[in-house]
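Working notes for the structure below.
Throughout, read-outs are computed from the coordinates displayed, never taken from laboratory work. Everything numeric in this text was worked out from a predicted model, so none of it was measured. Glycine gets a Cβ as well: all are built from the backbone with ideal geometry, and neighbour counts include every protein chain shown.
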């Protein structure tokens, strides 16, 4: 399986100073001309990247949540993540992408399948977009929080009257 037209764009800070090693690995693998290191990107550039991406991949061993996954889904971009990404639950709930096992081979296989079946990937991205719009958009979250606080207040008033 190969995706000859695929370009990997790596965005974000390089706090661990891994770029030189990753560039060398890409060159040795013969794909150096298809890997772009973008560094940190601002919000506007991130939106452009997510709107034009076929797939977001986040192979993190441990990621508290992974906001970029929800941001990708909001733009209709499907994602492949490892189980260590907190937003894996969002992918499972929305069916907006794939959650791999911890195996490198399994992760690579899912990425290859997603790239080889772009219509299926687009369908998942659209399911993710709808899910984010219906479940995670600020007005939806704000309404849920308001309902929650109303319940807490009503419950606390009931307990006070019961004493």
Could you compute the FRET efficiency for residue 47 and residue 134, with r as their C-beta to C-beta distance and R0 at 22 Å, rounded to 0.05? 0.60
Using 0.36 nm times the number of residues separating residue 37 and residue 154, minus their current alpha carbon distance, what extension gain do you get? 36.8 nm
Taking the Cα atoms of the chain, what is the range of coordinates along each of the three principal axes, in descending order and whole Å? 74, 36, 33
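Over the range 12-163, what is the relative contact order in whole percent, taking alpha-carbon pairs under 8 Å and six or more residues apart? Numbers along the way, then the final one.
On the way: 184 pairs, mean separation 27.2, N = 152.
So the answer I get is 18 percent.
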Would you mind checking the tilt of helix 43-52 against the longest principal axis of the Cα atoms of the chain, expressed as 0 to 90 degrees and rounded to 10? 70 degrees
Report Rg (one decimal) and Dmax (nearest whole number) for the range 1-40, counting Cα atoms only, units Å. 10.7, 32
The residues 25, 158, 82, sorted from fewest to most surrounding Cβ atoms within 10 Å, come out as 158, 25, 82
Exposure-ranked with fewest Cβ neighbours within 10 Å first, 131, 149 stand as 149, 131
Order of 50, 18, 73, 5 under a 10 Å beta carbon neighbour criterion, fewest first: 5, 18, 50, 73
Roughly how tilted is helix 118-131, in degrees to the nearest 10 and between 0 and 90, from the longest Cα axis of the chain? 20 degrees
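Once fully extended, how much extra length lies between residue 5 and residue 104, figured as 0.36 nm per residue of separation less the alpha-carbon to alpha-carbon distance?
Values: separation 99, 0.36 × 99 = 35.64 nm, distance 2.20 nm.
33.4 nm is the gain from fully extending residue 5 to residue 104.
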For the chain, with a Gaussian network of springs between Cα atoms less than 10 Å apart, report the residue from 68, 85, 41 with the top mean-square fluctuation. 41
Between residue 143 and residue 23, how many nm apart are label points set 7 Å from Cα along the C-beta direction? 5.0 nm
Quick one: among 32, 128, 84, which has the greatest mean-square fluctuation in a GNM of the chain with alpha-carbon springs under 10 angstrom? 32
Could you tell me how many degrees, from 0 to 90 and to the nearest 10, lie between the Cα long axis of helix 138-162 and the main elongation axis, the longest principal axis, of the Cα atoms of the chain? 30 degrees
Candidates 39, 86, 97: whichever shows maximal mean-square fluctuation once the chain is modelled as a Gaussian network with Cα springs under 10 Å: 39
Can you tell me, using C-alpha contacts under 8 Å and at least 6 residues apart, the relative contact order of the range 1-40 as a whole percent? 58 percent
